[in-house]
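The values are calculated or read from the model by the stated rules, or taken from the named source; none is laboratory data. Keep in mind that this is a model prediction, so the values were computed, not measured. Using ideal geometry, Cβ is built from the backbone for each residue, glycine included, and neighbour counts are taken over all protein chains shown. Only protein heavy atoms, including side chains, enter the accessible area calculation; ligands, DNA and RNA are left aside. Shrake-Rupley method; radii C 1.70, N 1.55, O 1.52, S 1.80 Å.
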Amino acid sequence: MENRTDWIIAAAGADALRTREAGLTCLHLCTQLSLEGRFVPLAHPVSARGDYLGITDSGGVPRGCELFAAEAVAAARARGCAGIMADFERPLLQALIAALDREAQRAGLPLLVPLPLAEYAPHACAIADTAISGGSLEERFSDLLRRFGRGRIAAQLVCSCADFPLPCANPSGTPLSPEAFDRLLRRTGSTVFFSRELCAKYFTYSDGAQAHFVLFDDADTLRAKARLLHRLGVSRLLAVYPDARRMGLLTPAAKK
């Protein structure tokens, strides 16, 4: 059977409607773990049937993990959602992730969770980032597929851009805004290269005695990452609406 890619696009309002018109699944970040530790709806999309219910983290401490999980699953079922995405990474939320995993499993709803807490949700699909500054993207996802299994890994594609002084102890570097990136590239006149290992573009420059390495994504690298992940067998890919538009996904034939 041909491997199929399921795109899940974070979008709201008119962008959510355009996402559905393109035949893609929308992720509604419309509920929250509140500062008071409760499950709180933030917005009511016109229709979430067949989409994913997203839960964001405001930094609160959960008051009753089982109750929170039951309310989240009830909200997803009431809206006809196809699944839930819990955008939680804090170690404090291990018990909440475990409760959501149990409740979603009982309800037959897929659950997506970020990789840092995936070990506490044995039935959930782990979301791994594709923006890396070292190693090999193919090896990273091959290792994750061996660890979790073919159906339990999703990938987050994001248009990232960062400046790394060399040597650099911070694997994330210093983020650059699109405007700062454009100014830097024009000022340095550097030649841009493509890294097959990182599946990203880069250029180098010197600032006095300090050498720098700028690593970035654009529509071409995001599409290259999607092709690589498809070949490896990663079937769920997540992106935000502006990046989906950059990749040319928002057409009626996008899901064919």
Exercise for the section: Go through segment 177-193 residue by residue and tally those that are over 15 Å from Y205 (Cα atoms) and either surrounded by 13 or more Cβ atoms within 10 Å (Cβ to Cβ) or hydroxyl-bearing (S, T, Y) (or both). Expected result: 1
Exercise for the section: Answer with yes or no whether R90 is of a type outside the set (A, V, I, L, M, F, W, C) and within 20 Å of the chain's Cα centre (by Cα). Expected result: yes
Completion exercise
E197 vs (1) of a type in the set (D, E, K, R); (2) over 17 Å from D129 (Cβ atoms); (3) surrounded by fewer than 16 Cβ atoms within 10 Å (Cβ to Cβ): all pass except (2)
Handout entry: Tally of residues being in a helix (DSSP H, G or I) and open to solvent by less than 40 Å² (accessible area, probe 1.4 Å) across segment 131-153
Key = 6
Exercise for the section: Only residues that are open to solvent by less than 20 Å² (accessible area, probe 1.4 Å) and closer than 19 Å to L184 by Cα: list them for segment 154-174, please. Expected result: A162, D163, F164, G173
Completion exercise
All-but-one check, P122 against (1) over 26 Å from G54 (Cβ atoms); (2) surrounded by fewer than 13 Cβ atoms within 10 Å (Cβ to Cβ); (3) modelled with pLDDT of 95 or more, failing number (1)
Practice task
May I ask you to verify whether G50 is open to solvent by less than 10 Å² (accessible area, probe 1.4 Å), in a loop (DSSP other than H, G, I, E, B) and free of Cβ contacts under 8 Å to residues at least 40 places away in the same chain?
Solution key: no
Problem - For R63: the one exception among (1) open to solvent by 40 Å² or more (accessible area, probe 1.4 Å); (2) assigned to a helix (DSSP H, G or I) - result: (2)
Problem - Residue satisfying all of: in segment 82-94; touching a residue at least 40 places away in the same chain (Cβ under 8 Å), closer than 24 Å to I9 by Cα and not acidic (D, E); surrounded by the most Cβ atoms within 10 Å (Cβ to Cβ) among these - result: M85
Exercise for the section: Hey, could you check segment 5-35 for residues that are over 30 Å from A224 (Cβ atoms) and in contact with a Gly (Cβ under 6 Å, 6 or more places away or on another chain) and say which is surrounded by the fewest Cβ atoms within 10 Å (Cβ to Cβ)? Expected result: L35
Exercise for the section: May I ask you to say which residue of A78, A72 is of a type in the set (A, V, I, L, M, F, W, C) and open to solvent by 10 Å² or more (accessible area, probe 1.4 Å)? Expected result: A78
Practice task
Determine if segment 206-220 includes at least one residue that is touching a helix residue (DSSP H, G or I) at 6+ places or on another chain (Cβ under 6 Å) and either open to solvent by 70 Å² or more (accessible area, probe 1.4 Å) or under 20 Å from V158 (Cβ atoms) (or both).
Solution key: yes
Handout entry: Matching option when the condition is part of a loop (DSSP other than H, G, I, E, B) and in contact with a strand residue (DSSP E or B) (Cβ under 6 Å, 6 or more places away or on another chain), among A76, A43, A16, A72
Key = A43
